[in-house]
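Novice: Mind having a look at this structure? Questions to follow.
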Amino acid sequence: MPFDADFKFEKFEEYYGDIEQVKKIICNCKVCGTKLVLSHLSDYKNLVVQETARCPECGSGSRKKIHVLN
Ligand SMILES: [Zn+2]
């Protein structure tokens, strides 16, 4: 399905190490290490979840990411 190729927003190459390490990278601020506040916005019609992450401490580490539901 060529359709799928357009939806590879997540780059798993960014992550390294074991699962705990990966969780740490995803859930903690890169600047100060505080747990990020994550919010998810599900769009089941398009089968994606929009994730926004923001650090409550320093305001850094904010990102937006699209998860594709398979
Ligand atoms: Zn921070």
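The values are calculated or read from the model by the stated rules, or taken from the named source; none is laboratory data. Since the model is a prediction, treat every value here as computed from it, not as a measurement. All Cβ positions, even for glycine, are placed from backbone atoms using ideal geometry, and neighbour counts span all protein chains on display.
Novice: Restricting to the stretch 1-38, name every residue that is out of contact with any helix residue (DSSP H, G or I) (no Cβ under 8 Å at 6 or more places or on another chain) and either among the aromatic types (Phe, Trp, Tyr) or modelled with pLDDT of 85 or more (or both).
Specialist: Once the filter is applied, which keeps residues that are out of contact with any helix residue (DSSP H, G or I) (no Cβ under 8 Å at 6 or more places or on another chain) and either among the aromatic types (Phe, Trp, Tyr) or modelled with pLDDT of 85 or more (or both), the stretch 1-38 yields Phe3, Phe7, Phe9, Phe12, Asn28, Cys29, Val31, Cys32, Gly33, Thr34, Val37.
Novice: Another question about this same structure. Only one of (1) surrounded by 13 or more Cβ atoms within 10 Å (Cβ to Cβ); (2) among the basic types (Lys, Arg); (3) at pLDDT below 70 fails for Arg54. Which number is that?
Specialist: (3)
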